[in-house]
Amino acid sequence: MSGLKKQRKGELIVLSGPSGVGKSTVIAELLSNRRDIYFSVSYTTRAPRVGEADGVNYHFVSREEFQRMIRSGELLEFAEYVGNYYGTSLKLIQEKLEQGTDVLLDIEVQGAAKVREKCPDAVFIFIIPPSLEELSRRLRQRNTDASETISLRLEKARQECRESICYDYLVVNDNVMDAAHEILSILEAERCRVKKRIHLAQSIIGNADALICD
Ligand code: 5GP
């Protein structure tokens, strides 16, 4: 019986997708359905956009502070993206996973590749737009970036989508609710993997062996 109560470690969920694909909206929808998931707030050297708050969307830090964090090994992963650093704090994530809490990372592809090396059991999900034209429309509509930045982000998006092949799951964000629902289904299926539930089977196998022996 003790096997049934075995403390489950949290699931590390890595979500990537080009800038403007609607990840934040999908994540908000996902988290409203799964309030038990801990969303990791990243560190960045990018300036806050209108409406973004420190500690909520990101921890906004200087390049010097970010470089200090790299040197002192405080980051699980980091990457430079369109001229700015982005990185994930290691300590808090480790604590949450140990406590059995699922942790969600919204990170770009270079960072995801580093996480894949360090945490091969994580679940890797890539979100794509229905088309590049639609992505361009969404980036312009967001009205937060200059047109050169948008061009850079679109080129980056094409490169990033090539990396989707390295992920476990692909979700098309044509509709936020559908995309969030697909991710919920992925997470549900991941929880049912035999390797994550082997202790449940073992408790029965153990009992069955005992019955045969009797
Ligand atoms: P944005 O500037 O649009 O908020 O984010 C740009 C890109 O950085 C997005 O693709 C986002 O997923 C990624 N990003 C956000 N936080 C992190 C992080 O901690 N590490 C890495 N590698 N990428 C991140």
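Key figures
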quantity: Region 161-180 residues that are more than 19 Å from Thr25 (Cβ to Cβ), paired with ones that are in a helix (DSSP H, G or I) (beta carbon under 6 Å, 6 or more apart); calculated: Glu163/Val109
quantity: Filter result for Ser32 (in a helix (DSSP H, G or I), surrounded by fewer than 18 Cβ atoms within 10 Å (Cβ to Cβ), small (Gly, Ala, Ser) and within 11 Å of the ligand (Cβ to nearest atom)); calculated: no
quantity: Condition broken by Val123, with the remaining ones in (1) without any contact (Cβ under 8 Å) to a residue 24 or more places away in the chain; (2) among the β-branched types (Val, Ile, Thr); (3) closer than 27 Å to Leu76 by Cβ satisfied; calculated: (1)
quantity: Qualifying helices (runs of 4 or more DSSP H) (wholly inside region 90-168; at least 3 residues being within 21 Å of Tyr58 (Cα to Cα)); calculated: 90-98, 109-118, 147-162
quantity: Which listed residue is at positive phi, out of contact with any Cys (no Cβ under 7 Å at 6 or more places or on another chain) and surrounded by 12 or more Cβ atoms within 10 Å (Cβ to Cβ), from Gly100, Gly87; calculated: Gly100
quantity: Filter result for Gln94 (away from the ligand (no atom under 12 Å from the Cβ) and not aromatic (Phe, Trp, Tyr)); calculated: yes
quantity: Top-ranked residue of region 40-64 - restricted to ones that are farther than 23 Å from Leu30 by Cβ, at pLDDT 95 or above and of a type in the set (A, V, I, L, M, F, W, C), ranked as surrounded by the fewest Cβ atoms within 10 Å (Cβ to Cβ); calculated: Ala47
quantity: Residue within region 112-126 that is within 12 Å of the ligand (Cβ to nearest atom) and at pLDDT below 95 present; calculated: no
quantity: Criterion: open to solvent by 40 Å² or more (accessible area, probe 1.4 Å), under 18 Å from the mean Cα position of the chain (by Cα) and within 24 Å of Leu170 (Cα to Cα) - qualifying residue of Gln110, Gln94; calculated: Gln110
quantity: In region 127-145, the residues that are surrounded by fewer than 17 Cβ atoms within 10 Å (Cβ to Cβ) and away from the ligand (no atom under 13 Å from the Cβ); calculated: Pro130, Ser131, Leu132, Glu133, Glu134, Arg137, Arg140, Gln141, Asn143
quantity: Members of region 19-29 that are more than 13 Å from His181 (Cα to Cα) and open to solvent by 50 Å² or more (accessible area, probe 1.4 Å); calculated: Ser24
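The values are calculated or read from the model by the stated rules, or taken from the named source; none is laboratory data. Treat the numbers as computed from the prediction; the structure is a model and nothing was measured. Using ideal geometry, Cβ is built from the backbone for each residue, glycine included, and neighbour counts are taken over all protein chains shown. Heads up: the accessible areas ignore ligands, DNA and RNA and are worked out on the full protein's heavy atoms, side chains in. Shrake-Rupley method; radii C 1.70, N 1.55, O 1.52, S 1.80 Å.
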